[in-house]
Each structure stands twice: as structure tokens, then as C-alpha cells.
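All remarks here apply to the structure that follows.
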Amino acid sequence: MSLTNPYGDLEISDPQALRALAHPVRLAILNRLQRHGPATATQLSAHVGATPSVVSWHARHLATFGLVTDWDGATGKRERWWQAAAKGFRFTMPEDAEGQDAARLLQGEMFARAAEFPQHWLMHEEPHLDDEWRRLADFADTRLVVTADELRRLQEAVEALMAPYVRRDAADRPADARGVRVLRYVLPEHDEQQP
């Protein structure tokens, strides 16, 4: 796995790693570690809907694919601390059938998780925002007509624009900065006139 993209995300191409990550508890563990930093299985269990022993098993499984690692900063040795190997991950649709099946499983799980975010935000986050941040929240459903090359260039431009904010160290963040979740779906439509 590499970190060659603008965000410093892990690039996952191994079908077995894609399948492993398609499990809802594993995906929740990785997401929690990426967003909130190192934690023990006990600390994670309340946030991922599984017992500490189940979380520990899934974390070890993620570690076999390099998605999580042991955290060096733990002060005691009683519990094992986990950390995400990178701030995020990404994958592209593999060319082989096995990889495509695994990628679709992961995409399905990610779509299911992402579908909950806007409603959760509306019920639990938005009511606590001040007016300035509330007005900056945005939803768009925009349809483009582009070539594959134009879409590729557009995606690269969006990533280049966002990358400095994704990769910015905590020490370099302005005092009034806050986390913002950007959900971005790029869903090419089937052309019914093509065979």
C-alpha cells in the first residue's frame, strides 16, 4: 500500500484488504481511529457497536493488511493501543473480477455508512452551530456532462484544492478552525445509447 495521493491516504488495491475493510465493525474501527486518534479496544467498543474482545479481533485483522498499527505513545502495557496507519484510505475499481467484487462490497458498506451522516448531522450537530457555520453548510446535487478525461482532471483539481487542509498539522490550524466533513460522490451515469 502506498501514500502517493494528495491527501496522504493509503491506496488499497489488494482484494483481500478490500474485503476485510468491507465489514461494518472494521470500517467503524478504522474511521474512529482516523478521526479521533489512538485508542484501545475497550475505548473503541462503545463507538463501534462491539465488545472489546470483538474489537480487538477486528483490529488485529486490520493490522494484517497494514490499515492499523500499534501505537507507540501508550504509557502502560496493560492494554494494546491502536492507531490508523494513515488519515484516510482510498481505492479504485480493480480490473480483475475478484477485485471488483471486493471493491463493490466495500463501496456498498461505505455508501450505507455515509447515508446516515447527513441525518445525524441535522439532528445532532446543526442545532449546536452558530449562524455563521450553519450558513456555510451546503448540499448540492449537480449533474455534469463530461468526458472521462475531463472528470479525471476535475477530481484531481478538487483534491489539489482540498489537500492543504486535509494534511495540515494540528499545530498549524487557526484557533477558530473546526472539523468539516465533505461527502463527495462521483457517480457516472450509464449511457443508455451505448451498447
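May I ask you to verify whether Val158 is open to solvent by 80 Å² or more (accessible area, probe 1.4 Å), free of Cβ contacts under 8 Å to residues at least 60 places away in the same chain and within 21 Å of the chain's Cα centre (by Cα)? Spelling it out, it is not the case that Val158 is open to solvent by 80 Å² or more (accessible area, probe 1.4 Å), free of Cβ contacts under 8 Å to residues at least 60 places away in the same chain and within 21 Å of the chain's Cα centre (by Cα). The combined condition, being within 20 Å of the chain's Cα centre (by Cα), under 25 Å from Ala22 (Cβ atoms), modelled with pLDDT under 95 and part of a helix (DSSP H, G or I), is fulfilled by Glu109. Listed by first and then second residue, the pairs linking a residue in segment 1-23 that is farther than 25 Å from Pro164 by Cα and β-branched (Val, Ile, Thr) to a residue that is modelled with pLDDT of 95 or more and not in a loop (DSSP other than H, G, I, E, B), with Cβ atoms under 6 Å apart and 6 or more places separating them unless they lie on different chains, form an empty list.
Answer yes or no as to whether Asp176 is outside any loop (DSSP other than H, G, I, E, B) and either over 22 Å from Arg90 (Cα atoms) or among the charged types (D, E, K, R) (or both).
So Asp176 fails the test.
Filtering segment 169-179 to residues that are modelled with pLDDT of 90 or more and either open to solvent by 60 Å² or more (accessible area, probe 1.4 Å) or of a type in the set (Ser, Thr, Tyr) (or both) leaves Ala171, Asp172, Arg173, Pro174, Ala175, Asp176, Arg178. Annotation for segment 132-139: at least one member residue is without any contact (Cβ under 8 Å) to a residue 60 or more places away in the chain, touching a helix residue (DSSP H, G or I) at 6+ places or on another chain (Cβ under 8 Å) and part of a helix (DSSP H, G or I). Residues considered: Ala171, Ala160, Ala114. Of these, the only one that is in a helix (DSSP H, G or I) and closer than 30 Å to Arg19 by Cβ is Ala114. Only one of the listed residues (Ala163, Ala97, Ala86, Ala102) is small (Gly, Ala, Ser) and without any contact (Cβ under 8 Å) to a residue 24 or more places away in the chain. That residue is Ala97.
The values are calculated or read from the model by the stated rules, or taken from the named source; none is laboratory data. Model, not experiment: these values are computed from the prediction. We place every Cβ from the backbone using ideal geometry, glycine too, and count neighbours over all the protein chains shown. Just so you know, the surface numbers come from the protein's heavy atoms only, side chains and all, with ligands and any DNA or RNA stripped out. Shrake-Rupley method; radii C 1.70, N 1.55, O 1.52, S 1.80 Å.
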